[in-house]
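> Would you mind keeping the following structure in view while I ask a few things?
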């Protein structure tokens with residue numbers, strides 16, 4: 001979307017944002033089922049979030065038109081920002097809960113009200129009524145569709161709000177057995193194990209999602225490519241250095257923010273044996289050159305213009321970006337970053353700089 005719609009990069013506001021929202025929904029129906037703005041916009045929120053229009057719960061079909069209408073005014077952005085930043089006060093919180101409970105009591109069509117349960121659970125917790133979540137769970141079980149995966153995921157959310165971690169874990173184990181092709185379930189089980197302190201089990205389930213885990217502390221397969229200057233480049237060229245293999249793209253806003261952070265780390269440790277290899281998944285070489293020059297990015301870049309079909313993306317099974325692989329002086333994988341989460345044999349690591357500092361000090 002970022003590549004196809006330059007308005008996202010520019011940061012649409014007011015009427016432009018409303019027009020952009022319509023355009024997104026028309027052309028990206030599946031990807032933008034819940035309309036999400038990027039960090040480049042002053043408004044960044046998901047339409048499915050219930051707090052935008054507190055104190056009253058609004059069904060999704062009502063929220064979308066109201067949100068678009070709000071964006072058509074020049075003050076829309078400020079209004080949204082103010083609402084998003086507010087906390088529910090005690091009076092408003094109580095009225096919100098009462099309204100939702102009343103809707104459930106009427107319950108003309110139970111299936112159309114299933115979205116209310118997670119909202120009500122969150123409000124119960126915020127108001128200190130955690131015990132009411134247990135009753136809400138019992139009620140949800142009577143109306144949920146046992147054949148519907150989304151209903152089971154909602155049940156998992158409710159159990160989590162009630163601090164019933166073992167119940168959440170058992171639920172997702174059952175779902176994983178029922179839907180083995182859904183890797184997101186294995187990822188969720190890994191996260192639960194991690195929260196419970198079961199690092200080894202967390203890594204076991206994550207390995208189903210990310211085969212890269214099998215490479216940790218092992219030699220990373222070498223590659224042979226050509227950089228932007230037409231010079232040959234490979235991992236073997238960097239043996240003896242700690243190297244960050246960085247898969248990114250100019251059109252991806254998260255990558256742009258991250259690469260500037262990487263530059264700070266590079267400037268700090270470049271004289272201590274640290275280097276970076278950029279693997280650009282861009283399709284526009286001119287935009288790539290302009291970005292590198294404008295931000296004084298000094299390390300070498302590999303570019304083929306083939307996006308995810310590029311040989312390196314295929315070789316290393318890169319399905320989303322940003323992804324960063326930190327490799328030690330002997331060519332072994334220390335950690336990799338996927339979706340802003342660094343993974344090592346010890347589980348999640350707090351930050352890239354600490355890993356780089358430790359790696360360059362290990363001679």
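The values are calculated or read from the model by the stated rules, or taken from the named source; none is laboratory data. Every value quoted in this text rests on a predicted model; they were computed, and no experiment measured them. Every residue, glycine among them, receives a Cβ derived from its backbone with ideal geometry; neighbour counts consider all protein chains shown.
> Without any contact (Cβ under 8 Å) to a residue 24 or more places away in the chain and over 25 Å from the mean Cα position of the chain (by Cα): is that true of residue 160 in this structure? Give the steps one after another, and end with the answer.
Working: without any contact (Cβ under 8 Å) to a residue 24 or more places away in the chain: yes; over 25 Å from the mean Cα position of the chain (by Cα): no.
It is false that residue 160 is without any contact (Cβ under 8 Å) to a residue 24 or more places away in the chain and over 25 Å from the mean Cα position of the chain (by Cα).
> Within segment 216-225, how many residues are surrounded by fewer than 17 Cβ atoms within 10 Å (Cβ to Cβ) and either within 22 Å of the chain's Cα centre (by Cα) or in a loop (DSSP other than H, G, I, E, B) (or both)?
Selection size over segment 216-225: 4.
> Identify the single condition in (1) touching a residue at least 24 places away in the same chain (Cβ under 8 Å); (2) assigned to a helix (DSSP H, G or I) that residue 185 does not satisfy, given that it satisfies every other one.
With (1) touching a residue at least 24 places away in the same chain (Cβ under 8 Å); (2) assigned to a helix (DSSP H, G or I) applied to residue 185, the lone miss is (1).
> Of 171, 213, 196, 183, which residue is farther than 26 Å from residue 95 by Cα, modelled with pLDDT under 85 and crowded, with 17+ Cβ neighbours inside 10 Å?
None of the other options fit; the residue is 213.
> Here's something else I'd like to know. Which one of the conditions (1) crowded, with 20+ Cβ neighbours inside 10 Å; (2) at pLDDT 90 or above does residue 189 fail to meet, given that it meets all the rest?
Against the list (1) crowded, with 20+ Cβ neighbours inside 10 Å; (2) at pLDDT 90 or above, residue 189 comes up short only on (2).
> Is it true that residue 219 is modelled with pLDDT of 85 or more and outside the structural domain of residue 323 (by TED's automatic domain parsing)?
So residue 219 fits the description; yes.
> Continuing with the same structure: May I ask you to verify whether residue 177 is closer than 27 Å to residue 318 by Cβ and either in a helix (DSSP H, G or I) or in contact with a helix residue (DSSP H, G or I) (Cβ under 6 Å, 6 or more places away or on another chain) (or both)?
Taking the combined requirement at face value, the residue does not satisfy it.
> Please give the number of the condition residue 266 fails out of (1) outside any loop (DSSP other than H, G, I, E, B); (2) surrounded by fewer than 13 Cβ atoms within 10 Å (Cβ to Cβ).
Residue 266 satisfies all of (1) outside any loop (DSSP other than H, G, I, E, B); (2) surrounded by fewer than 13 Cβ atoms within 10 Å (Cβ to Cβ) except (2).
> Same structure, new question: Got at least one residue in segment 269-277 being within 25 Å of the chain's Cα centre (by Cα) and outside any loop (DSSP other than H, G, I, E, B)?
Taking every residue of segment 269-277 in turn, at least one turns out to be within 25 Å of the chain's Cα centre (by Cα) and outside any loop (DSSP other than H, G, I, E, B).
> Looking only at segment 293-308, which residues are in contact (Cβ under 8 Å) with a residue 24 or more places away in the chain and in a helix (DSSP H, G or I)?
Those that are in contact (Cβ under 8 Å) with a residue 24 or more places away in the chain and in a helix (DSSP H, G or I): 307, 308.
> For segment 311-321, check the following and say yes or no: at least one residue is closer than 26 Å to residue 199 by Cβ, modelled with pLDDT under 85 and buried (at least 17 other Cβ atoms within 10 Å of the Cβ).
No, there is no match, as no residue in segment 311-321 is closer than 26 Å to residue 199 by Cβ, modelled with pLDDT under 85 and buried (at least 17 other Cβ atoms within 10 Å of the Cβ).
> Name the one entry in 242, 250 that is free of Cβ contacts under 8 Å to residues at least 60 places away in the same chain, buried (at least 16 other Cβ atoms within 10 Å of the Cβ) and either under 13 Å from residue 327 (Cβ atoms) or in the same structural domain as residue 312 (by TED's automatic domain parsing) (or both).
It is 250.
> Condition first: modelled with pLDDT under 85, surrounded by fewer than 18 Cβ atoms within 10 Å (Cβ to Cβ), touching a helix residue (DSSP H, G or I) at 6+ places or on another chain (Cβ under 9 Å) and farther than 30 Å from residue 176 by Cβ. Can you find one or more residues in segment 96-104 that meet it?
yes
> Can you name every residue in segment 106-120 that is modelled with pLDDT under 80, part of a helix (DSSP H, G or I) and within 12 Å of residue 143 (Cα to Cα)?
110, 111, 112, 113
> I'd like the full set of residues that are assigned to a strand (DSSP E or B) and either more than 17 Å from the chain's Cα centre (by Cα) or modelled with pLDDT of 95 or more (or both), limited to segment 226-255.
Of everything in segment 226-255, those that are assigned to a strand (DSSP E or B) and either more than 17 Å from the chain's Cα centre (by Cα) or modelled with pLDDT of 95 or more (or both) turn out to be 226, 227, 232, 233, 234, 242, 243, 244, 245, 246.
> Test of understanding: among 260, 292, 244, 281, which residue is under 21 Å from residue 360 (Cβ atoms) and in contact with a strand residue (DSSP E or B) (Cβ under 8 Å, 6 or more places away or on another chain)?
The match here is 244.
> Let me ask something else. Exactly one of these conditions fails for residue 256: (1) over 23 Å from residue 353 (Cα atoms); (2) crowded, with 18+ Cβ neighbours inside 10 Å. Give me its number.
(1)
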